[in-house]
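Working notes, beginning with the structure itself.
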Amino acid sequence: SQTKAEPMRVLVTGGSGLVGKAIEHVVKQEGGCLEGEQWTFLSSKEANLVDLQQTRAVFEKYRPTHVIHLAAKVGGLYLHMKENLHFLRDNLRINDNVLQTSHERGVTKVVSCLSSCIFPDKTTYPIDESMIHNGPPHDSNFGYSHAKRMIDIQNRGYFAQHGRRYTAVIPTNVYGPYDNFNFENGHVLSALMHKTYAAKKEGAPLQVWGSGTPRRQFIYSLDVARLFLWVLREYDEIDPIILSVGEEEELPIKDAVEMIADALDFKGQIVFDTSKSDGQMKKTASNAKLRRYLPDFTFTPLSEGIKKTCDWFVNNYDIART
Ligand code: NDP
């Protein structure tokens with residue numbers, strides 16, 4: 001698509017979130033935007049994408065040739081369990097509105113965002129791209145997961161029936177500046193950063209929920225953003241691609257806790273509250289497909305990404321989502 005005469009006009013839905021802000025940074029600060037291109041980063045304030053009329057109006061306004069579709073109703077575990085139907089319906093509508101409006105307006109490529117938490121609950125490891133529909137997702141977020149899985153089905157449909165090259169990426173656990181740092185609704189690393197920051201301020205011990213032994217693959221939001229641009233410009237498949245560090249880099253949450261304590265210079269006691277649930281012990285995803293395309297891509301080391309995110313959080317405490 002890069003060689004087309006007309007420069008891309010890219011519309012990024014969910015442009016105000018963790019991943020959206022990282023893409024904006026790569027586009028505006030790292031030369032990710034090529035000559036003549038127009039990039040627009042949307043928030044829900046400009047258009048509520050659950051609403052078809054607002055979706056159509058925003059596409060009419062910006063006339064995108066390409067769409068990066070990040071917008072989603074997301075939440076913490078507790079909210080998901082309470083409102084699975086709500087997550088299902090809002091996300092089904094957002095995705096259908098964005099994909100169908102893209103098709104109607106002749107958008108040549110859409111890259112949507114799935115999530116590694118939508119994979120079957122009972123599975124073999126490592127998880128790869130072929131396994132998305134192999135069994136029910138975890139009960140706690142079945143609404144969100146099924147809506148996300150449908151994006152993959154919709155992409156297949158838009159290609160089969162209309163020849164559209166709409167595809168999706170599957171990031172593992174993303175962290176970085178502009179994340180949600182809320183203790184309960186935030187992602188694990190950002191919530192832990194906020195907790196560590198607060199414990200240091202109060203001279204209190206750091207209380208970590210769970211044993212710290214579950215293992216996760218963490219990817220820095222700026223790495224996700226760089227890979228998104230590659231997918232938008234170069235990746236030609238309809239089938240999705242996992243964006244993740246390697247299987248060997250899946251590490252226990254307690255290792256990440258130590259990196260956070262270092263980054264924030266927290267010297268107090270760290271307590272693992274084993275009365276709290278651990279969640280899945282591992283979720284190992286394979287990045288073999290990504291490595292076949294990009295054998296040399298360098299991921300930001302976790303300690304470095306954590307340090308950058310902690311610095312951002314401390315310096316932007318007033319505007320951070322807490
Ligand atoms: P954030 O919660 O940080 O951002 C969500 C974005 O979606 C915001 O820009 C928000 O706008 C927008 N949005 C929510 N509801 C609507 C709506 N009704 N209409 C229009 N826009 C809406 O999410 P992330 O950046 O973390 O996630 C981006 C994508 O990546 C999502 O699809 C998510 O499912 C996926 N993902 C995330 C992972 C992670 O670890 N963070 C892992 C795997 C996948 P506003 O700011 O105005 O509320």
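The values are calculated or read from the model by the stated rules, or taken from the named source; none is laboratory data. Please read these numbers as outputs of a predicted model, since none were measured by experiment. Please note: Cβ atoms are built from the backbone with ideal geometry, for glycine as well, and neighbour counts cover all protein chains shown.
The residues of region 1-33 that are near the ligand (Cβ under 9 Å from one of its atoms) and either at positive phi or at pLDDT below 95 (or both) amount to a single one, GLY14. Considering GLU184, GLU237, the condition of being in a loop (DSSP other than H, G, I, E, B) and under 24 Å from ASN84 (Cα atoms) is satisfied by GLU184 alone. Kindly check whether there is at least one residue in region 108-118 that is modelled with pLDDT of 95 or more, within 24 Å of ALA225 (Cα to Cα), more than 11 Å from the ligand (Cβ to nearest atom) and out of contact with any Leu (no Cβ under 9 Å at 6 or more places or on another chain). Looking through region 108-118, at least one residue is modelled with pLDDT of 95 or more, within 24 Å of ALA225 (Cα to Cα), more than 11 Å from the ligand (Cβ to nearest atom) and out of contact with any Leu (no Cβ under 9 Å at 6 or more places or on another chain).
Can you name the number of the only condition in (1) within 15 Å of the ligand (Cβ to nearest atom); (2) at pLDDT below 95 that LEU70 fails? Condition not satisfied by LEU70: (2). Within region 133-149, the set of residues being surrounded by fewer than 19 Cβ atoms within 10 Å (Cβ to Cβ), within 16 Å of the ligand (Cβ to nearest atom) and at pLDDT 95 or above comprises HIS146, ARG149. Residues considered: VAL67, VAL74. Of these, the only one that is closer than 30 Å to VAL188 by Cβ and in a loop (DSSP other than H, G, I, E, B) is VAL74. What do you reckon, is ASP278 in contact (Cβ under 8 Å) with a residue 40 or more places away in the chain and in contact with a strand residue (DSSP E or B) (Cβ under 9 Å, 6 or more places away or on another chain)? The answer is yes for ASP278. Pairs linking a residue in region 307-322 that is surrounded by fewer than 16 Cβ atoms within 10 Å (Cβ to Cβ) to a residue that is of a type in the set (D, E, K, R), with Cβ atoms under 9 Å and 6 or more positions apart or on different chains, are ARG321/ASP179. When only residues in region 5-50 that are surrounded by 14 or more Cβ atoms within 10 Å (Cβ to Cβ) and acidic (Asp, Glu) count, which is nearest to ASP90 (Cα to Cα)? Result: GLU46.
Looking across region 122-132, the residues that are without any contact (Cβ under 8 Å) to a residue 40 or more places away in the chain and surrounded by 12 or more Cβ atoms within 10 Å (Cβ to Cβ) come down to THR123, MET131. Of note, LEU251 satisfies the criterion of being hydrophobic (A, V, I, L, M, F, W, C), within 17 Å of THR172 (Cβ to Cβ), modelled with pLDDT of 95 or more and surrounded by fewer than 22 Cβ atoms within 10 Å (Cβ to Cβ).
In region 91-111, of all residues being in a loop (DSSP other than H, G, I, E, B) and not charged (D, E, K, R), the one that is nearest to PRO240 (Cα to Cα) corresponds to THR108. Within region 169-186, the residues that satisfy the criterion of being of a type in the set (A, V, I, L, M, F, W, C) and either under 19 Å from GLN217 (Cα atoms) or within 7 Å of the ligand (Cβ to nearest atom) (or both) are VAL169, ILE170, VAL174, PHE181.
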